[in-house]
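Notes follow once the structure below has been shown.
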Protein chains: 2
Amino acid sequence: MDRFFRNRKVLITGGLGFIGSNLARRLVELGSDVLLVDSLIPEYGGHPFNIAGIENQVRVNISDVRDVHSMRYLVQDRDVMFNLAGQTSHMDSMEDPFADLEINCRAQLSILETCRRYNPGIKVVFASTRQIYGRPETLPVDETHLLRPVDVNGINKMAGEWYHILYNNVYDIRACALRLTNTIGPRMRVKDARQTFVGLWIRCLLEGRPFEVWDGDQRRDFTYVDDAIDGFLLAAASDSANGRAFNLGGDAPTTLRDLAEMLVAINKGGRFEVRAFPPDRKRIDIGDFYANFTLAREVLGWRPKVGLQEALEKTLAYYREHLPRYV
Amino acid sequence: MDRFFRNRKVLITGGLGFIGSNLARRLVELGSDVLLVDSLIPEYGGHPFNIAGIENQVRVNISDVRDVHSMRYLVQDRDVMFNLAGQTSHMDSMEDPFADLEINCRAQLSILETCRRYNPGIKVVFASTRQIYGRPETLPVDETHLLRPVDVNGINKMAGEWYHILYNNVYDIRACALRLTNTIGPRMRVKDARQTFVGLWIRCLLEGRPFEVWDGDQRRDFTYVDDAIDGFLLAAASDSANGRAFNLGGDAPTTLRDLAEMLVAINKGGRFEVRAFPPDRKRIDIGDFYANFTLAREVLGWRPKVGLQEALEKTLAYYREHLPRYV
């Protein structure tokens, strides 16, 4: 795989974001020619500091994936696109469903049309989400589980994923999707819970404030960001991935209460409050979720390597050093 | 049910179209206050002649469901909305995916947001499609079958359907969806195959030209339009339908070759040619499809009453009389 990415021309949409910037770091190590596209919309995941130290080894282009013209130019000479730009907040998708639709549906279709017309040889790996499954009927959830999204974001991401599968099947634009579960690690958004609630927990913890755990009995799985990146690289390099969607996953599932206790223990201090769900969040909550990632293991050879304890330690260590940059 | 619709204020989007206009006729008989909204886009299903004879018993408003302002006004005092407006052509959705997205995704979201804000007590029945299932893995297809659409239209209709389910579940806008299979009958589009290939077959037959059957071995099911209308009325009147999507279906499945032969026999003459699929159609074809409609039978008490032979006879008889209006 190392050889696959050497001198490879790579585009990452959402390249200044959490996963995008970590992926950029790995690709720089592997010797890729890395182009990052990000809109830096303040409510989303992009942050210039996320590429501190590699600024001179990547090219950064500030533009929005809804901007058809810039995308048309930027996509042209690329071998691989990691398509990570997206609106991720479930609550925001309910408050402004049209912005979510423009980014997670229309822009995705537009990116794929651009590839079809100007760079049909490109390989695209799309960042999808376990959110499209909605409330699981059976656990762990594998890819044969019905998609029954419970919020606007889930519906639009479902459409966005399927555009990729469709363009692979109909137009031979090689594309596949990874359905990410809770991904955690350095450079995730911690300002608020728009990307992941764990971000906000860590911020509160480091600021010495109690954080809120809603319900607490939900069981969830977590992927450390480096493992997620392995998934993206493997999917990009594998032609067997084309036209398919793969769950990523993690260690055995943990209740959110146990997760909160682990964080407090690793931090050697801190406090959280278990509360009932606010009603507007409860109605779009998916309850227990953890993924079966057998398909990714079998087809991509992917498995998570970093356990939850270590993932939390590394994440906390990063924000202990850099929190002021992010809040 | 007759009592349910008496004096009921009903809105039909796509009201001058095939199913919409037949539904309007039934509702006029039942004594409803009927408002029809249609854009009359020439490539779509709407046709003024479809309401010949009931013009003075319905109100017609020409506007597009993408027009947020007109929809906001029109929806306000309605008890029930039959939401039938849509782009239906699979090929057109591939050639102009953005128009399909605007109508089948964005406008649907916008209609539901309008209901939420200005008429949350409304009941909405959405016309979905078996197209969202894609190529069936098992037959007959029931509602537990994965949604794996094979064209842009299928993806966007899938999103459109799920917005309805979501607004039901989250905002209590009572909504449900009917997944229609091939629906046939008087007032369907016969000018071309944009709505249904059967329309074009009938046109050719009546014009004394051979029609083309692609492949011919695909097995499909057919619903006569009056039966589909029963489904819409039952779904509107039933609170057990809320938040759910139901397959409609028909008689035992028929191969397209057998269907062609039935048509020629009923017409007492005519000719068709069996051809290979054009490549651009083949790649988005779903192969065999027929629906299991047990759920609709159990929850709505729906079953098809008109067999395929009778459905074709009635349809041919209508176009034998009115073809010039439609071509």
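The values are calculated or read from the model by the stated rules, or taken from the named source; none is laboratory data. Only a predicted model underlies this, so the values are computations on that prediction, with no experimental measurement involved. Quick reminder, even Gly has a Cβ in these numbers, built from the backbone with ideal geometry, and neighbours come from all protein chains shown.
Inside the range A:135-151, residues that are free of Cβ contacts under 8 Å to residues at least 60 places away in the same chain and within 11 Å of chain B (Cβ to nearest Cβ) make up a count of 7.
When B:R194, B:R179 are checked against the criterion of being more than 9 Å from chain A (Cβ to nearest Cβ), buried (at least 24 other Cβ atoms within 10 Å of the Cβ) and closer than 30 Å to B:T315 by Cα, a single residue qualifies: B:R179.
Among the residues in the range A:90-105, are any more than 9 Å from chain B (Cβ to nearest Cβ), closer than 20 Å to B:K157 by Cα and of a type in the set (A, V, I, L, M)? Among the residues of the range A:90-105, at least one is more than 9 Å from chain B (Cβ to nearest Cβ), closer than 20 Å to B:K157 by Cα and of a type in the set (A, V, I, L, M), which makes the answer yes. Note on the range A:157-203: residues that are in a loop (DSSP other than H, G, I, E, B), over 19 Å from B:I155 (Cβ atoms) and among the hydrophobic types (A, V, I, L, M, F, W, C) amount to 3. Only one of the numbered conditions (1) in contact with a helix residue (DSSP H, G or I) (Cβ under 9 Å, 6 or more places away or on another chain); (2) more than 14 Å from chain B (Cβ to nearest Cβ); (3) at pLDDT 95 or above; (4) not in a strand (DSSP E or B) is not met by A:N56, and that is (1). Taking the criterion of being in contact with a strand residue (DSSP E or B) (Cβ under 6 Å, 6 or more places away or on another chain), surrounded by 14 or more Cβ atoms within 10 Å (Cβ to Cβ) and among the hydrophobic types (A, V, I, L, M, F, W, C), the residues of the range A:253-276 that qualify are A:L256, A:A260, A:F272.
Being farther than 22 Å from B:L36 by Cβ and surrounded by fewer than 18 Cβ atoms within 10 Å (Cβ to Cβ) is the filter here; which residues of the range B:69-91 pass it? I'd like the intermediate steps shown before the answer.
Our first condition is that a residue be farther than 22 Å from B:L36 by Cβ; within the range B:69-91, this holds for B:90-91.
Result: B:M91, single match.
Residues that are in contact (Cβ under 8 Å) with a residue 12 or more places away in the chain, assigned to a loop (DSSP other than H, G, I, E, B) and within 14 Å of chain B (Cβ to nearest Cβ): does the range A:251-263 have at least one? No, the range A:251-263 has no match at all.
Somewhere in the range A:213-227, is a residue at pLDDT below 95, under 20 Å from the mean Cα position of the chain (by Cα) and surrounded by 16 or more Cβ atoms within 10 Å (Cβ to Cβ)? Checking the range A:213-227: not a single residue is at pLDDT below 95, under 20 Å from the mean Cα position of the chain (by Cα) and surrounded by 16 or more Cβ atoms within 10 Å (Cβ to Cβ).
Using the structure shown, decide if B:R66 is in a loop (DSSP other than H, G, I, E, B), surrounded by fewer than 21 Cβ atoms within 10 Å (Cβ to Cβ) and of a type outside the set (A, V, I, L, M). Judged against the criteria, B:R66 is a match. In a residue-by-residue description of the range B:133-150, the property of being charged (D, E, K, R) and in a helix (DSSP H, G or I) applies to no position. What do you reckon, is A:F211 in contact with a Leu (Cβ under 8 Å, 6 or more places away or on another chain), under 29 Å from B:R148 (Cα atoms) and away from every other protein chain (no Cβ under 14 Å)? Criteria not met by A:F211. Quick check: anything in the range A:208-226 out of contact with any Asp or Glu (no Cβ under 6 Å at 6 or more places or on another chain), in a loop (DSSP other than H, G, I, E, B) and under 19 Å from A:L323 (Cβ atoms)? Taking every residue of the range A:208-226 in turn, at least one turns out to be out of contact with any Asp or Glu (no Cβ under 6 Å at 6 or more places or on another chain), in a loop (DSSP other than H, G, I, E, B) and under 19 Å from A:L323 (Cβ atoms).
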